[in-house]
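Below is one structure, written out as structure tokens, with a few remarks after it.
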Amino acid sequence: MKYKEISHWSHPHQGLKFGYAEVPFKCDGCKEVGIGSSYKCGGAACDFDLHTHCAVPSPTLVHPFYPKCAFQFLSRPPGAEARCCNACERRVTGFVYHCKLCGFDLHPCCAKLPMLHHDSDIKLFLYAKVTAPCHRCGRKGRSWSYRSSCKKYNLHVACVMDMLVDSWHELYNGGGEGVRRVPSLKATLETHVNHTKTKGGKAKKCCEMAGLALQFVVSAILGDPTTLIAGLVGSLMSK
């Protein structure tokens, strides 16, 4: 559920307003990158943003991949040791869903990744493990993966995160002006497509399908798996 404005315990001084960010931001809750729908401080001098999943979280969560786990929403990872998200393999440094019994951790956006994306061109299913190699890294296993129903396209969630960090490196290094620069993902798409083996007249269609798959996975990981943001990501890729 989306509210026009909320008060949030992590930012008690002023309310947060719902809106759409067309440039990447760093979520002040989970500390991961975001784009699209978010809750932002209305203060002119304040640069506080939250993914919608971080701003209005579920207190508890049951995930299909871990039916015996009872995930609880925490403001910080438990314990003193470094922890990693079981979905994307990136460090957990902020808001997290944690299962005390199993010790599993999920970033809020990773926990809410859609199990299925379906449009007129491609159908993608989320798997905890896939035996086929990823089109980005060429390896099997690793993190959760999105795989097409035709089984020709496979993308690790971790690999998509790696590509985003490569494209938006400034965001994870304090940023400055780089944080507000709209990134180009052309190189990201080209690198991905180069891992897709094609021949002859099938090359163009394969590139289109690979691009559609990547657009959706990127938008889902960034916390807003909507047609609007998928289109925005697609336009960024074309620059």
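The values are calculated or read from the model by the stated rules, or taken from the named source; none is laboratory data. Owing to the predicted nature of the structure, the values given are computational and were not obtained by experimental measurement. Cβ sites come from the backbone with ideal geometry, for glycine too, and all protein chains shown count toward neighbours. For accessibility, only protein heavy atoms count, side chains too; no ligands or nucleic acids. Shrake-Rupley method; radii C 1.70, N 1.55, O 1.52, S 1.80 Å.
Pairs please, first residue from region 35-57 and touching a residue at least 12 places away in the same chain (Cβ under 8 Å) and under 22 Å from Leu74 (Cβ atoms), second anywhere and acidic (Asp, Glu) and part of a strand (DSSP E or B), Cβ atoms under 7 Å, 6+ apart in sequence or on different chains.
Ser38/Asp49
Just to be sure, is Ala128 in contact with a strand residue (DSSP E or B) (Cβ under 6 Å, 6 or more places away or on another chain) and of a type in the set (Gly, Ala, Ser)?
For Ala128, the condition - in contact with a strand residue (DSSP E or B) (Cβ under 6 Å, 6 or more places away or on another chain) and of a type in the set (Gly, Ala, Ser) - is not met.
Give the residue that is nearest to the chain's Cα centre (by Cα), with candidates limited to residues of region 119-129 that are under 28 Å from Pro57 (Cβ atoms) and surrounded by 13 or more Cβ atoms within 10 Å (Cβ to Cβ).
Taking the candidates together, the pick is Leu126.
Residue by residue through region 3-46, note down the ones that are part of a loop (DSSP other than H, G, I, E, B) and surrounded by fewer than 16 Cβ atoms within 10 Å (Cβ to Cβ).
Tyr3, Lys4, Trp9, Ser10, Gly42, Gly43, Ala44, Ala45, Cys46
Out of the residues in region 89-116 meeting the condition of being in a strand (DSSP E or B) and open to solvent by less than 70 Å² (accessible area, probe 1.4 Å), tell me which one is farthest from Asp28 (Cα to Cα).
Top of the filtered list is Cys99.
Restricting to region 113-151, what's the tally of residues that are in contact (Cβ under 8 Å) with a residue 12 or more places away in the chain and touching a Ser or Thr at 6+ places or on another chain (Cβ under 9 Å)?
15
Can you spot a residue in region 73-85 that is hydrophobic (A, V, I, L, M, F, W, C), in a loop (DSSP other than H, G, I, E, B), under 21 Å from Met161 (Cβ atoms) and free of Cβ contacts under 8 Å to residues at least 24 places away in the same chain?
Yes: one or more hits.
Applying the selection to region 101-118, what residues are over 12 Å from the mean Cα position of the chain (by Cα) and closer than 12 Å to Phe73 by Cβ?
Listed by number, the list holds a single entry, Asp105.
Could you tell me which of the residues Arg147, Arg83, Arg136, Arg76 is over 18 Å from Gln215 (Cα atoms) and crowded, with 16+ Cβ neighbours inside 10 Å?
Arg83
Quick one: in region 47-72, of everything that is open to solvent by less than 40 Å² (accessible area, probe 1.4 Å) and in a strand (DSSP E or B), which residue is farthest from Ala128 (Cα to Cα)?
Checking each candidate, the answer is Asp49.
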